[in-house]
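> Please read through the structure below; I'll follow up with questions.
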Amino acid sequence: MSGHHADEHHHREPEDPLSLRARALESLLVEKGLLSSDVVDRVVSLYEKDIGPHYGAKVVARAWVDPGYRRRLLADGVAAIGELGFGGVDLMVVENTPAVHNLVVCTLCSCYPHTLLGLPPVWYKSPPYRSRAVIEPRAVLREFGLELPDSVDIRVWDSSAELRYMVLPLRPPGTEGLAEEALAALVTRDAMIGVAVVEPPAMAEAGR
Amino acid sequence: MHGFGPVERAANEPVFHAEWERRVFAITRAARTHGIYNIDESRRAIEQMEPARYLAASYYERWLASAVTNLIEKGVITRPELEARMTFLAGRPDEAAHGEGPASSQDVPELAERVLAALRGQPNFRRAGAAPKFSAGDRVLTRNVHPRNHTRLPRYARGKLGVIHAVHGSFVFPDTNAHGLGEIPHPLYTVRFDARVLWSSSAEAGHESVFLDLWENYLLPAPEGATL
């Protein structure tokens with residue numbers, strides 16, 4: 001791994017102290033037989049090239065097309081994502097309806113279902129989101145471009161233990177004829193956190 | 001805590017923002033696989049950062065601080081050893097990321113497999129334990145406690161009335177597990193709090209509630225006559 005990004009650090013530039021500290025720690029752990037370069041490469045590659053929101057999107061699309069799967073997913077998230085080959089998380093799935101909107105946060109740290117959605121974006125881990133999502137979720141959602149009427153019940157899930165939460169978004173109108181794979185392509189990371197809704201195909205296309 | 005301003009977002013954010021973030025992530029996952037320090041000890045060490053530094057630090061800076069604290073506490077490395085290695089590597093950006101000896105840069109596929117398997121494996125925090133005292137629909141009052149130790153009862157939800165939403169069985173208890181005091185499993189619940197109970201007149205218009213996953217010993221039965 002060390003060689004891949006050497007060009008980011010010109011030899012004349014002072015190294016970020018955090019980088020130096022991380023390299024020193026890595027070097028010591030390798031010497032002690034606790035780490036190796038292929039561990040670093042493979043762990044990083046798993047999150048950079050494999051796991052990501054497209055995993056969760058497959059789960060959502062299946063739930064939209066298969067009512068039995070939807071019921072199993074809401075009743076036992078771990079077993080239901082296991083049916084699609086996903087795991088690594090003690091998962092609870094919460095469902096949006098026209099009357100209920102769910103939003104996920106971790107105020108104490110940054111807990112996130114990363115084996116299903118990939119690693120969280122920086123904003124999810126930032127003090128503004130962690131602080132404000134529980135106090136003023138409507139104001140936060142407005143910043144994300146989502147204006148919900150007062151009649152919608154907002155449920156904020158603060159992940160304070162070892163359960164992880166994913167939102168099952170509403171299936172957008174006008175998607176009745178779409179196949180499962182095309183539906184999955186509409187589902188975004190933000191919709192599964194609950195800071196967005198899934199847009200109909202035309203709008204999703206225009207947003208790209 | 002208030003006053004953080006808007007939630008700032010970046011388009012097309014990379015998974016990691018710097019090479020050292022990749023290293024810190026992998027170091028932490030490997031340490032977890034070896035069982036050197038647990039997730040509660042990891043969070044406890046982050047919370048022990050000096051508060052101003054904690055707020056200013058990036059996410060992986062906190063992970064790095066936690067790794068250093070825990071690896072030293074567990075006797076895996078020493079601080080002088082780390083400082084000596086930093087001195088040696090300073091000004092050698094391409095060198096010795098994988099150790100100084102020729103043998104130490106070798107791949108260890110067996111170790112990589114174990115770390116990957118641990119990452120993809122099912123988390124293991126559920127334990128056998130006592131029968132839960134509360135049932136769904138029961139009204140509870142969270143304890144108004146302010147311990148110096150690690151806890152997962154957020155400050156904003158202390159001394160508040162809520163309703164048991166779900167009962168989950170027993171889980172490892174972070175308040176002890178973070179301090180080497182054992183797993184001491186306790187029943188875990190999801191508790192619903194009305195936003196007006198949490199924030200009073202500062203709550204937004206419209207119906208809102210916050211759901212928290214709380215261990216039984218954070219909870220008391222709601223007093224007779226207490227209204228939500």
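Please treat every number below as a calculation from the coordinates, not as lab data. Just so it is clear, the structure is predicted and the values come from calculations on it, not from any experiment. Neighbour counts are summed over all protein chains in view; Cβ atoms, including those assigned to glycine, are modelled from backbone coordinates with ideal geometry.
> Using a 10 Å cut-off on Cβ to Cβ distances, tally the other chain neighbours for every residue of A:44-52 and report the average as a whole number. Please list the in-between numbers first.
Working: counts 9, 2, 6, 7, 4, 1, 0, 3, 1.
Taking the mean over all residues of the peptide, I get 4.
> Shape call for the stretch B:127-221 from the C-alpha gyration tensor, a ≥ b ≥ c root eigenvalues: rounded (a/c under 1.5), prolate (a/b greater than b/c) or oblate?
Numbers: a/c = 2.57, a/b = 1.53, b/c = 1.68.
Verdict is oblate for the stretch B:127-221.
> Which one of A:G174, A:G118, A:G33 has the biggest mean-square fluctuation once chain A is modelled by GNM with Cα springs under 10 Å?
The residue that fluctuates most here is A:G33.
> Using a Förster distance of 41 angstrom, determine the FRET efficiency expected from the C-beta separation of B:R126 and B:Q106, and round it to 0.05.
On the way: r = 37 Å, r/R0 = 0.91.
Efficiency, from the Cβ-Cβ distance: 0.65.
> Over all pairs of distinct alpha carbons, what does the Kirkwood formula give as the hydrodynamic radius of the stretch A:42-92, in Å?
With all distinct Cα pairs of the stretch A:42-92 included, I get 11.5 Å.
> I'm checking a number: the convex hull volume of the Cα atoms of chain A, normalised per residue, in Å³. What is it?
171
> Karplus couplings for the stretch A:71-76 from phi (6.51 cos²θ - 1.76 cosθ + 1.60, θ = phi - 60°), rounded to Hz, Gly and Pro as x?
These are the phi-based 3J(HN,Hα) values: 4, 5, 5, 6, 7, 8 Hz.
> Shielding by partners for B:107-120, please: the mean number of other protein chain Cβ atoms within 10 Å of each residue's Cβ.
On the way: counts 6, 8, 4, 1, 7, 9, 3, 1, 8, 5, 1, 1, 8, 7.
For this peptide, the per-residue mean of nearby foreign Cβ atoms is 5.
> Still on this structure, please answer the following. Each residue of the stretch A:45-50 in turn: what ³J(HN,Hα) in whole Hz from Karplus with 6.51, -1.76, 1.60 and θ = phi - 60°, glycine and Pro shown as x?
Using θ = phi - 60°, the values come out as 4, 4, 8, 8, 10, 10 Hz.
> Under 20 °C and 1.002 mPa s, how fast does the stretch B:19-120 diffuse according to Stokes-Einstein, given a Kirkwood radius computed over C-alpha pairs? Answer in µm²/s, whole number. Before the final figure, lay out the partial values.
Numbers: Rh = 15.0 Å.
Calculated translational D: 143 µm²/s.
> Moving on to the next point. At a threshold of 8 angstrom on Cα-Cα distance, excluding pairs fewer than six apart, so keeping six or more, what relative contact order does the stretch B:19-120 reach in percent? Write out the running numbers ahead of the final one.
Numbers: 50 pairs, mean separation 29.1, N = 102.
That works out to 29 percent.
> Something else now. For B:R196 and B:A166, compute 0.36 nm times the residue count separating them, minus their Cα-Cα distance, and round to one decimal in nm. Before the final figure, lay out the partial values.
Values: separation 30, 0.36 × 30 = 10.80 nm, distance 2.08 nm.
The B:R196-B:A166 span can extend by a further 8.7 nm.
> With chain A treated as a Gaussian network of Cα nodes joined by springs under 10 Å, which of A:D158, A:D41, A:D66 yields the largest mean-square fluctuation?
Maximum fluctuation in the GNM of chain A, among the listed residues, is at A:D41.
> Ignoring everything except DSSP H segments at least 4 long, calculate the 222 nm mean residue ellipticity for chain B; use -39,500 (n - 2.57) per segment, divide by total residues, nearest 500. Before the final figure, lay out the partial values.
On the way: 8 runs with 77 residues, N = 228.
Mean residue ellipticity, 222 nm, calculated: -10000 deg cm²/dmol.
> Apply 1/(1 + (r/R0)^6) to the Cβ-Cβ distance of A:D66 and A:E147, taking R0 = 51 Å, and write down the FRET efficiency to the nearest 0.05.
0.95
> Continuing with the same structure: When Cβ neighbours within 10 Å are restricted to other protein chains, what is their mean count per residue of peptide A:149-158? Don't skip to the answer; put the middle values down first.
Numbers: counts 1, 5, 2, 3, 4, 7, 7, 7, 6, 9.
Across the residues of A:149-158, the mean count of other-chain Cβ atoms within 10 Å is 5.
> Rounded to the nearest angstrom and ordered from largest down, what semi-axes does the equivalent ellipsoid of the protein assembly as shown get from its C-alpha gyration tensor (root of 5λ)?
Computed over the protein assembly as shown, the values are 37, 27, 21 Å.
> Hey, another quick one. Which of B:L153, B:L198, B:L111 moves most in a GNM of chain B, Cα contacts under 10 Å?
Between B:L153, B:L198, B:L111, it is B:L111 that shows the largest mean-square fluctuation.
> Still on this structure, please answer the following. Could you tell me whether the stretch B:1-76 comes out rounded, prolate or oblate from its Cα gyration tensor? Rule is a ≥ b ≥ c as square roots of the eigenvalues, rounded for a/c under 1.5, then prolate if a/b exceeds b/c, otherwise oblate. Kindly include the intermediate steps, with their values, before the conclusion.
Values: a/c = 2.61, a/b = 1.40, b/c = 1.86.
Judged from the Cα gyration tensor, the stretch B:1-76 comes out oblate (a/c at least 1.5, b/c at or above a/b).
> Do me a favour and compute the ellipsoid semi-axes for chain B from its Cα gyration tensor, root of five times each eigenvalue, largest one first, whole Å. Please report the intermediate quantities before stating the final value.
Values: eigenvalues 322, 98, 55 Å².
Ellipsoid semi-axes (Å, largest first): 40, 22, 17.
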